[in-house]
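Notes for the one structure printed next.
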Amino acid sequence: MLRPAFVTTVLCAALSSAGPALTQEGGFRSYAKVEIRGAKYIPEADIRETCGDLEGVPLDSVDLAAIEDCLMYTGVFEEVRLTPQGDQLLVEVREVPVRPGRVDAGLSWANDYGLNATLNYEQLNLIPGTWLAILNTWSEDYKAYQFSLYAQEPVAGGLKFAIDIGGTRESYGDLDFFARRDQAEVWTLWQARDDLSFEAGLGYRDQRLYDVLPGASPLLQSEEGAVKAPFLRFAFDYATPKAAEGEAEPATTASLRVESWLWNLGTGQRLSELRVNTGLSHAFAEDYRLSAALRGGLVRGIDGARPTALDRGFAGGETLRGFAPRGAGPLHLGSRLGGERWMSATLELQRRLPTRLAKDLTAGVFFDAGAAWRLSDTLNGAIDDKARLRTSIGLSLSFDVSNVPVSLYIATPIKRFSGDRRQVFGLSAAARF
């Protein structure tokens, strides 16, 4: 919220409260809509609330000048100009260069990762015209860091540029190896339309599979080692545009993200990878929503190269409820291997429940399906890598407790295979401080 000087605030409040008693005579005009332009860092809602409600209030030139002074006295604008345009009042502002930022910490629980602690730092204009984010996550089995620097405004051709540096450390108890990834990428984004964007990036990755446990599958033992090499990335995103301010959200929304990589360029271990993530949601009969999601990917070697367990995908967990994380797919001598092809699909019917017990209480019934399959090396047929679809059904419940989003589910497999690990109950919750 902006903090204007006391005298000016009183003046603006008086204009707002006295306005309905005035008439259109004597140079007064009412405006059906107030449009704000030029605000990049200060929320439009704060600007509107600073000098009271201006829509439908009769104003003359003296009032408009007083409102300009009201906004200027906040100290956060270099220039303010109010311009009548028919039944619309245009409020144009130019902000004083500021560097708003925040630091927050959080705790979360998710079945796929367990208990996580997070520490995040965000800063606008640390370097003029940029947004900086530093994200850190710690858990017993999973640690991640990311440094991101994004340009706020597009340059020639409407392109925005960004730098990402990040990595993960993974030591899951159900896997017979440890994993380490570090990578840096310079990439650009072109916003073709409000609902469609394209990305392209060039980066360098250091990926290591190490400390394979004794007695693990010989396939994992043969894959132990590190690969350090450049990569290329391409992606496009589609998402149903958000509703304009004051308009209802569309009943049907859709999203699609397609992302591809060329890994390990300049080496004999070149790989290509493709991932697709799409969703569709439709609200009907007031409190009901039907949603569907499909996620999948594939990785393959180029010129005889073979993907490792760090490149392959796994099935189970939040994307295949009823099965433990990484609990379904190719298995050898007790080692979870993942697959070079993987997919999961969800169909869920939800209903918002009217209750005072919790905020946004929503119950649902769902059907999940998924699989991970295919290996370039099956150790001469010793490993079964056939495509075997797993399915499950269950009930879900989500709600907020003191602004902490909580979701849980109970699920049971319909179709499963020998060696699969079940997980009947799932819970996720996250809180920020």
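If you take every residue apart from Leu389 with its C-beta less than 13 Å away from the C-beta of Leu389, what net charge results, scoring Lys and Arg +1 and Asp and Glu -1?
+4
Please state, to two decimals, what the Cα-based radius of gyration of the stretch 144-262 comes to when divided by 2.2 N^0.38 Å (N = residues).
Here the Cα radius of gyration is 1.45 times the empirical estimate.
Taking the chain, how many lysine pairs are there with alpha carbons less than 30 Å apart, if each pair must be eight or more places apart or span two chains?
9
What number comes out for the charge environment of Glu318, summing +1 per Lys or Arg and -1 per Asp or Glu over other residues with Cβ under 13 Å away?
Taking every Cβ under 13 Å from that of Glu318, the sum is 0.
Which FRET efficiency value, to the nearest 0.05, do you get for Phe198 and Ile165 by plugging their Cβ-Cβ distance into 1/(1 + (r/R0)^6) with R0 = 25 Å?
In this case the efficiency is close to 0.65.
Suppose all protein chains stay in the model; what accessible area per residue would a 1.4 Å probe give for the chain, in Å²?
53 Å²
With N set to the residue count of the stretch 188-253, report its C-alpha Rg divided by 2.2 N^0.38 Å to two decimal places.
That ratio works out to 2.00.
Compute the length gained on full extension between Leu262 and Val404: take 0.36 nm times their separation in residues and subtract their Cα-Cα distance, giving the result in nm to one decimal. Before the final figure, lay out each step's value.
Working: separation 142, 0.36 × 142 = 51.12 nm, distance 3.92 nm.
Fully extending the segment from Leu262 to Val404 adds 47.2 nm.
Please tell me the relative contact order of the chain in percent, rounded to the nearest whole number, where contacts are Cα pairs under 8 Å and at least six residues apart.
Averaging sequence separation for qualifying contacts and normalising by length gives 9 percent for the chain.
State the Cα centre-to-centre distance between the stretch 331-399 and the stretch 250-299 in whole Å.
Their Cα centres are 15 Å away from one another.
Tell me, what is a quarter of the convex hull surface for the C-alpha atoms of the chain, in nm² with one decimal?
For the Cα atoms of the chain, the hull's average projected area reads 25.5 nm².
Rg to Rh for the stretch 241-306: what is it, with Cα atoms only and Rh by Kirkwood?
With Rh from the inverse mean 1/r over Cα pairs, Rg/Rh is 1.28.
Helix 6-18 sits at what angle to the longest principal axis of the chain, using alpha carbons and giving 0 to 90 degrees rounded to 10?
The answer is roughly 80 degrees.
Starting from 0 in steps of 5 Å, tell me what percent of the Cα-Cα pairs of the stretch 112-201 lands in each bin.
Histogram of Cα-Cα distances, whole percents per bin: 3, 12, 18, 17, 16, 13, 11, 7, 3, 1.
Could you work out the relative contact order of the stretch 161-251, using alpha carbon pairs under 8 angstrom and six or more residues apart, expressed as a whole percent?
Relative CO of the stretch 161-251 lands at 25 percent.
Could you state the angle between the C-alpha long axis of helix 61-72 and the longest principal axis of the C-alpha atoms of the chain, as a value from 0 to 90 degrees rounded to the nearest 10?
40 degrees
Go through the stretch 327-344 residue by residue and turn each phi into a ³J(HN,Hα) via Karplus (6.51, -1.76, 1.60, θ = phi - 60°); whole Hz please, and just put x for glycine and proline.
x, 9, x, x, 9, 8, 6, x, 8, 7, 10, x, x, 7, 10, 8, 7, 8
Remind me, relative contact order of the stretch 223-364 in percent, using alpha carbon pairs under 8 angstrom and six or more residues apart?
18 percent
How long is the stretch 72-153 along each principal axis, judged by its Cα atoms, biggest number first, in Å?
60, 30, 24
What FRET efficiency, computed as 1/(1 + (r/R0)^6) with R0 = 60 Å and r the Cβ-Cβ distance, is obtained for Ser61 and Leu310, rounded to the nearest 0.05?
0.30
Using just the C-alpha positions of the stretch 322-433 as equal point scatterers, what log10 of I(q)/I(0) does the Debye formula give at each q in 0.18, 0.20, 0.22 1/Å?
With one equal scatterer per Cα and no solvent, log10 I(q)/I(0) is -0.90, -1.01, -1.13.
Ala244 to Ala229: extension gain in nm, 0.36 nm per residue of separation minus the Cα-Cα distance?
Details: separation 15, 0.36 × 15 = 5.40 nm, distance 4.44 nm.
This chain segment gains 1.0 nm when fully extended.
Obtain the nm distance between the two label points defined at Arg102 and Ala251 by a simple spin-label model: each point lies 7 Å from its Cα along the Cα-to-C-beta direction.
Result for the modelled spin labels: 3.4 nm.
The values are calculated or read from the model by the stated rules, or taken from the named source; none is laboratory data. In this text, all values refer to a predicted model and were calculated from it rather than measured experimentally. Every residue, glycine as well, gets a Cβ built from its backbone with ideal geometry; the counts of neighbours run over all protein chains shown. Areas reflect the complete protein model, heavy atoms only, side chains present, ligands, DNA and RNA absent. Shrake-Rupley method; radii C 1.70, N 1.55, O 1.52, S 1.80 Å.
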